[in-house]
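The values are calculated or read from the model by the stated rules, or taken from the named source; none is laboratory data. Predicted model only: the values in this text are computed from it and were never measured. FYI the Cβ positions are ideal-geometry reconstructions off the backbone, even for glycines, and counts take in every protein chain you see. All accessible areas refer to the heavy atoms of the entire protein, side chains included, with ligands and DNA or RNA removed. Shrake-Rupley method; radii C 1.70, N 1.55, O 1.52, S 1.80 Å.
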Amino acid sequence: LKFQLVAAVFLLAFSPKAMRGRPLLLLLPYAAGHGTADAGVMSGWHRPTAHVVEAMAVEYSVGDFVMEGWLAKPKGATPMKGVLVAHQWMGLGEYEKMRAEEMAAHGYAALALDVYGKGNRCSDFQCAMGTMQNNSEASLIRPRIAAALAELKKHAPEDKLVGMGYCFGGRMMMELARFPGKGASEGATLQAVASFHGSYSPFADGETAAEGTIVTDVQIHHASGDDHAGLRTIEDEIILGVTGTDTVWESAHYWETAHGWTEPGADVYSAREANESHASMLAFFTHSLEPAMPSCMAATDSDVTVVASAVEYSVGDFVMEGWLAKPIGMAPTKGVLVAHQWMGLGEYEKMRAEEMAKQGYAALALDVYGKGNRCSDFQCAMGTMQTSSEASLIRPRIAAALAVLKHHAPEDKLVGMGYCFGGRMMMELARFPGKGASEGATLQAVASFHGSYSPFADGETAAAGTIVTDVQIHHASGDDHAGLRTIEDEIILGVNGTETVWESAHYWETAHGWTEPGAAVYSEREAIESHAAMMAFFSHSLGEVPTCPTQTTTTTTTVAGADSNTTASTTANSTTGDTASSAGRAVAGVAALALVWRM
């Protein structure tokens, strides 16, 4: 670490004026992230099919410069899609090979590329920094990426290609997205790319995407310990680049993570965030490649029958009528409170409660307006919401609903979800656990969708170390950004010193109310993904292994050269968690679900 700090100062002081600032930005985040050992432990995020995967080294070149990538494919099946996996600053290693094999288990032809040259790999900071800088010249790296892409096109349809990259590889992915069909992506335009703890500067200094030219879907997974200024800059560039297109893009910010957090074996590895982010990427790619909903993204299970009915509860003489949904034929092992938007409890919240019941929850769609008190227009909704927002009124009403839910599910297995005004209720439950609205029970997790964030008692904020409920925020780009930043700052303080997990998702080009089918602003893709993200988040917070996606047994065969001589094999079974060794890569089978937040 001392050497890294000295090197950073040296580079900053003695680099050319045009480069000042850049070496430091690259140096410290990169150095902090990747462990000295490239353990290559299976992350467990994926849902492999029963395919047998074969993998082998493959050479390609630019002139006399020979590179050696790692190609993985499902054995016995023709890949209908392809993925380029771009390495971090150390060069192509076991980690990227593992990720390629994971993708092959999903039916992809997966090429872990190499831009450093055959046999040119690093194991220390000095080598990595020097090699990365020497290979970052646009005239060098662009044709090398293009050569890898040409190799991938031999194994998968040209119109079904995506890409994923880590650290330096994330920078390669952003290059492919910003300048489609030329330079690095000459000969093919990717349908989607995902960048994990990547850097964002273009390889040609000062080059930016022109308005309306980004036609590749983009998903960014950003570490809170990385360069925030760079994230804001690339977000602004993407906003311009996707203008006038149908391109979808998402930006995810993982709090309390450091550079390199996706890599098992690294000191900074964050298993939960790594699992969720890769499952998020998988669903994102599926949406980009296939118009149909990803197989694991359905919010309901058709094999579960639900019984639902109105249920009354009260605070003194004030009677409320909620909607209780439960699965038939099984005792719910968990419960969820569903909080309504400003119109009051309606068919939308009832639908969401019934969806959750199909997942095994006892689901109560609460009512804080009073039995029969519902709105259908703006004036009514605004007036009723305001008169019901007095802390002394709404807190006991929420607590009364929570008391009803506790009759139907274990007290230590409760979560909550809310929309608009209901999102505000969820933030209330999270910020002040065990008192006020949440008196008598502390929720394990809450999710807020296009919610508001102000407390019901003016000026009240969470104290340091008091938020013990996991929090997931799904925020519309058309909503109040100042309010989002304020609540994020409050949560950062509130979770300080705890093990609380929180995530904030920002959905670009969405308007308030975007999750509600039938609304003029409904955004189907984002609504599906955000609710699947919530399901995964709740499962993790409740101590469950998410049931979607599930993992089945997969065998990887490593092939020597171009023939089919078997040199090693690996079997991973998520049900038992047993592991076996293959070519130095340990495999741990832990299944995890879908989408994470985006900000």
Just the residues that are farther than 17 Å from Ser477 by Cα and over 22 Å from the mean Cα position of the chain (by Cα), please, taken from the range 202-243. Pro202, Phe203, Ala204, Asp205, Gly206, Glu207, Thr208, Ala209, Ala210, Glu211, Gly212, Thr213
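Pick out the one residue from Lys413, Lys435, Lys371 that is free of Cβ contacts under 8 Å to residues at least 24 places away in the same chain, open to solvent by 20 Å² or more (accessible area, probe 1.4 Å) and not β-branched (Val, Ile, Thr).
Working: Lys413 fails: free of Cβ contacts under 8 Å to residues at least 24 places away in the same chain; Lys371 fails: free of Cβ contacts under 8 Å to residues at least 24 places away in the same chain.
That would be Lys435, the only listed residue that is free of Cβ contacts under 8 Å to residues at least 24 places away in the same chain, open to solvent by 20 Å² or more (accessible area, probe 1.4 Å) and not β-branched (Val, Ile, Thr).
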What is the residue count in the range 299-349 for residues that are over 32 Å from the mean Cα position of the chain (by Cα) and either of a type in the set (Phe, Trp, Tyr) or not in a strand (DSSP E or B) (or both)? 6
Return the residues of the range 476-498 that are among the acidic types (Asp, Glu) and either open to solvent by 80 Å² or more (accessible area, probe 1.4 Å) or free of Cβ contacts under 8 Å to residues at least 40 places away in the same chain (or both); say none if nothing qualifies. Asp479, Asp480, Glu488, Asp489
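Results for (1) surrounded by fewer than 24 Cβ atoms within 10 Å (Cβ to Cβ); (2) of a type in the set (Val, Ile, Thr); (3) over 21 Å from Leu176 (Cβ atoms), shown as yes or no for each residue.
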| site | (1), (2), (3) |
| --- | --- |
| Gly82 | no, no, no |
| Ala86 | no, no, no |
| Trp89 | no, no, no |
| Ala100 | no, no, no |
| Val115 | no, yes, no |
| Arg121 | yes, no, yes |
Identify, by number, the condition in (1) at pLDDT 90 or above; (2) assigned to a strand (DSSP E or B) that Thr262 doesn't meet. (2)
Restricted to the range 438-447 and to residues being assigned to a loop (DSSP other than H, G, I, E, B) and in contact (Cβ under 8 Å) with a residue 60 or more places away in the chain, the residue nearest to Gly543 (Cα to Cα) is Gln444
Among (1) over 25 Å from Phe318 (Cα atoms); (2) touching a Gly at 6+ places or on another chain (Cβ under 6 Å); (3) surrounded by fewer than 24 Cβ atoms within 10 Å (Cβ to Cβ) - the single one Gly451 does not satisfy: (3)
Do any residues in the range 378-392 that are within 13 Å of Arg424 (Cβ to Cβ) have Cβ atoms under 7 Å from those of residues that are not in a helix (DSSP H, G or I), where the two are at least six apart or on different chains, and which pairs are they? Met385/Trp342; Ser388/Val368; Ser388/Tyr369; Ser389/Phe456; Ala391/Phe456; Ala391/Ala457
Scan (1) in a helix (DSSP H, G or I); (2) of a type outside the set (A, V, I, L, M); (3) without any contact (Cβ under 8 Å) to a residue 40 or more places away in the chain for the single condition Gly198 breaks and write down its number. (1)
Please go through (1) out of contact with any Ser or Thr (no Cβ under 9 Å at 6 or more places or on another chain); (2) acidic (Asp, Glu); (3) touching a residue at least 60 places away in the same chain (Cβ under 8 Å) for Asp64 and return the number of the only condition it doesn't satisfy. (3)
